[in-house]
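> One structure follows; several queries about it will come next.
The values are calculated or read from the model by the stated rules, or taken from the named source; none is laboratory data. Worth saying up front: this structure is predicted, and the values here are computed from it rather than measured. Cβ placement follows ideal geometry from the backbone for every residue including glycine, while neighbour counts extend to all protein chains displayed. Only protein heavy atoms, including side chains, enter the accessible area calculation; ligands, DNA and RNA are left aside. Shrake-Rupley method; radii C 1.70, N 1.55, O 1.52, S 1.80 Å.
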Amino acid sequence: MTASPGRPAAGPASDPRVSVVRRTPATWIAWDNGAANLLDLDLTAALNQALLDAEADPDCAVVVLAGSPTAFCGGADLPKLRRTGTSAGFAAEVIRLLKLVPALRKPVIAAVRGDALASGFSLALLADVTVAAEGSRMGTVEVAGGSWPMIAQVPVRHLLPPKVATLNVVTGVPFDARRLLDLGAIADLVPAADVERRAAEYAQLAAGSGALAATGRRALKSMSPSAGYEADLDTAYELFVAMLGRSSEEEA
């Protein structure tokens, strides 16, 4: 994180690819795992732990998910999951992550400085406020690569207009971020160099309710029209694991 000074939050990240920095009033969680910033089992588990630590930190009023400077998140590292036999463990952790973000008692901001694809797109949609870089691509991409977004499609289907969500899921063609701004799915679109600054401004605004956010955000979640979201994620777990099992057998 370079836009403004910060200090490490209490407790080290459990994975060296994850950095947790306090920039009052927010805790910024960033991760960097190669050009596409892909997720694997250990990295996803570390993100879950970083979120839980921020939730428990009385000095943290807002959480900012920041990805890396060039890519927010490209989704799962499928070849690694197959190679290491960690598909089921990863699926459990990523579903835990996609359930945890909307359940936090603190507002969540997404600072999308590059592409947000597959489950990375899900994370960007789940944030209360998403600031994206101009020209960034956002959407599921699995179908274009011969797969299917078994898990990523759940937040997409719940949070975007139905036909818009279906178009992305069944084609694997991501949206330009401007399209999502027009739909109201993201809050702001700025040059990449300004994403951190704008996200920090939103974090400052979101901290305005202080301790009341803990009650208010939980109440907001209970009013969500997306009934069945967690159950859909549970179903997606079985489908994801079965899909990767079939593809491994075909490769063999």
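> Residues of the range 192-206 with amide nitrogen under 13 Å from the 7 Å Cα-to-Cβ point of L220?
202-206
> Which residue, V141, V164, V156, has the most motion in a Gaussian network model of the chain that connects Cα atoms within less than 10 Å?
It is V164.
> What FRET efficiency comes out for A88 versus A56 if R0 is 35 angstrom and r is the Cβ-Cβ distance? Round to the nearest 0.05. Kindly include the intermediate steps, with their values, before the conclusion.
On the way: r = 28 Å, r/R0 = 0.79.
Rounded to the nearest 0.05, the efficiency is 0.80.
> Calculate the length of the line joining the C-alpha centroid of the range 32-110 to that of the range 132-202, in whole Å.
Their Cα centres are 17 Å away from one another.
> Using a 1.4 Å probe on the protein heavy atoms, what percent of the accessible area of the chain belongs to carbon and sulfur? Intermediate values should be presented prior to the final figure.
Working: 6290 of 10990 Å².
After summing per-atom areas, the C and S share lands at 57 percent.
> For the range 129-180, what Kirkwood radius comes out of the mean inverse Cα-Cα distance, in Å? Kindly include the intermediate steps, with their values, before the conclusion.
Values: mean 1/r = 0.0891 Å⁻¹.
Its Kirkwood hydrodynamic radius stands at 11.2 Å.
> Work out how much length A192 to L100 would gain on full extension: take 0.36 nm times their residue separation and subtract the Cα-Cα distance, in nm to one decimal.
Stretched out fully, the A192 to L100 stretch lengthens by 30.4 nm.
> Which of rounded, prolate or oblate describes the range 58-123 when judged by the alpha-carbon gyration tensor and an a/c cut-off of 1.5? Spell out each step's value before the answer.
Values: a/c = 2.70, a/b = 1.47, b/c = 1.84.
In terms of gyration-tensor shape, oblate.
> When only Cα pairs under 8 Å and 6 or more residues apart are kept, what is the percent relative contact order across the chain? Spell out each step's value before the answer.
On the way: 469 pairs, mean separation 46.5, N = 252.
This gives 18 percent for the chain.
> First check a/c for the range 128-252, with a ≥ b ≥ c the square roots of the eigenvalues of its C-alpha gyration tensor; if it is under 1.5, answer rounded, and if not, answer prolate when a/b is larger than b/c or oblate otherwise. Working shown, then result.
Working: a/c = 2.30, a/b = 1.47, b/c = 1.57.
Cα axes put the range 128-252 in the oblate bin.
> Please give the charge dipole size of the range 130-252, origin at the Cα centre, charges +1 on K and R Cβ atoms and -1 on D and E Cβ atoms. Round to the nearest 20 debye.
Numbers: 11 positive and 15 negative charges, 105 e Å.
So the dipole magnitude of the range 130-252 works out to roughly 500 debye.
> Moving on to the next point. Can you give the accessible area per residue of the chain, in Å², using a 1.4 Å probe? Display every interim value, and only then the final one.
On the way: 10990 Å² over 252 residues.
That works out to 44 Å² for each residue.
> Please state, to two decimals, what the Cα-based radius of gyration of the chain comes to when divided by 2.2 N^0.38 Å (N = residues).
On the way: Rg = 17.0 Å, N = 252, 2.2 N^0.38 = 18.0 Å.
Output field value: 0.95.
> At a Cα cut-off below 24 Å, give the lysines reachable from K163, other chains included and same-chain residues fewer than 8 away excluded.
Counting by Cα, and skipping residues close in sequence, K163 has these lysines nearby: K99, K221.
> Averaged over every viewing direction, what's the projected area of the C-alpha convex hull for the range 25-144? Give it in nm², one decimal, please.
On the way: hull surface 28.5 nm².
For the range 25-144, the mean projected area of the Cα convex hull comes to 7.1 nm².
> Only bridges with both residues in the chain count here: give the DSSP antiparallel percent, nearest 5.
Working: 10 of 30 bridges.
DSSP beta bridges in the chain are roughly 35 percent antiparallel.
> Give me the extension gain from Q49 to V143: residue separation times 0.36 nm, minus the current Cα-Cα distance, reported in nm with one decimal.
Full-extension gain reported as 30.8 nm.
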